[in-house]
1. Taking springs between alpha-carbon atoms closer than 10 angstrom, which of GLY49, GLY151, GLY33 fluctuates most in the Gaussian network model of the chain?
2. Starting from the Cα of LYS12, draw a straight line to each of the lysines and keep only those under 27 Å, dropping any in the same chain fewer than 8 residues away.
3. What aspartates and glutamates does LYS323 reach when the alpha-carbon gap must be under 20 Å and sequence neighbours fewer than 8 apart in one chain are set aside?
4. Cα gyration tensor of the chain, axes a ≥ b ≥ c as square roots of the eigenvalues: rounded (a/c below 1.5), prolate (a/b > b/c) or oblate?
5. Around ALA215, under 13 Å between beta carbons, what's the net of Lys plus Arg minus Asp minus Glu among the other residues?
6. Could you give the accessible area per residue of the chain, probe 1.4 Å, as a whole number in Å²?
7. So, in segment 26-169, how many Lys pairs have Cα atoms under 27 Å apart, if the pair is 8 or more places apart or on different chains?
8. Could you grab the relative contact order for segment 65-189? Cα pairs under 8 Å, six or more apart, rounded to a whole percent.
Amino acid sequence: MPRVPAPRNRLKDTPVAGAKRVLLAAPRGYCAGVDRAVIAVEKALERFGAPVYVRKQIVHNIHVVSTLEKKGAIFVDDVEEVPTGSHIVFSAHGVSPAVVKGAADRELEAIDATCPLVTKVHREAVRFAKQDFEILLIGHHGHEEVEGTMGHAPERTTLVGSPADVPNIVVNNPDHVVWLSQTTLSVDETMETVRLLRERFPNLQDPPSDDICYATTNRQVAIRKVAAEAELVIVVGSANSSNTMRLVDVALEYGAKAAYRVDYASEIQQEWLDGVVTVGVTSGASVPEVLVQEVLDDLADAGYGDVSQVVTAEEDLMFSLPKELRKDADGNADERGLGGRVRQLDWQKNR
Ligand code: SF4
């Protein structure tokens, strides 16, 4: 889907009963895993030249994908589509061992941009499978991350798509089961699923640490606080982004009267703003800040120029590049920092 720049002054400044304002959730937007994955594709293009193939969307954001396409990335669904000997990047959502083998069989030069926090879940799956546990993986049917994780222990993993699935789960040994989860779920819904699982399997083992990642959790905590004070919440992000869609759910659950997801500012509808004094704004973990800035600009046109950040956590996590990209063409260590790119917004500079 091509970029749709928002024509300015499209939204009208209509009167409401109060001083219009925006509450901007923080943290929002890019997480360390997404930043690393996007930089990995950019660096692969710099190092090896176009085209560089990418299996699946590198991150679930149409703007990021179309921007990388313009630079020479080619996105494919399967390694079978990639010419022998080419470079291929595996996405932040991770892959199963079968995909890694498929790439090796085609003699592809693979660059693994799987987020280290997804790799952690893969390792847990392998370890628990070796200990003969049956793994109950809480996640969404068909999501790439779930497919990758299940592929690490396919014989021992059962997918739990929602709390409604719990009564129908069949295991061989109810006393030797463990739960793991996708990294981008709703914290509250996952805990409810775990509660129901534990009712059925009292000896259910917990993972060593939460699988829902810091970025997902932090963005949900921030939007909870914003939603409690906002009549309308706008979540910037793509429809196939799990963590983005969960932000919409959480906003509604925690008090927003309405919550909408948009890829671009141009999708904001005038009628959403009818009678709204406070608009909450956030963005999913794969969303570049420029798209949030455009939403703020359009909201300013509609009279919502008073922007306050609601900060619930500071994030400074950074991951090193995939090992295939850590050295430059001359073999020198690459010094480029990750996950910490300066993302100051124009509105912050001007206020
Ligand atoms: S949302 Fe979490 S698991 Fe996914 S890429 Fe970002 S940090 Fe990694």
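The values are calculated or read from the model by the stated rules, or taken from the named source; none is laboratory data. Everything numeric in this text was worked out from a predicted model, so none of it was measured. Cβ atoms come from the backbone with ideal geometry, glycine included; neighbour counts cover every protein chain shown. Areas reflect the complete protein model, heavy atoms only, side chains present, ligands, DNA and RNA absent. Shrake-Rupley method; radii C 1.70, N 1.55, O 1.52, S 1.80 Å.
1. The residue with the greatest mean-square fluctuation here is GLY49.
2. Partners found: LYS20, LYS257, LYS349.
3. ASP35, GLU42, GLU46, GLU107, GLU109, ASP112, ASP334, GLU335
4. Because a/c hits 1.5 or more and a/b fails to exceed b/c, the chain counts as oblate.
5. Value of the local net charge: -2.
6. 43 Å²
7. 12
8. That works out to 24 percent.
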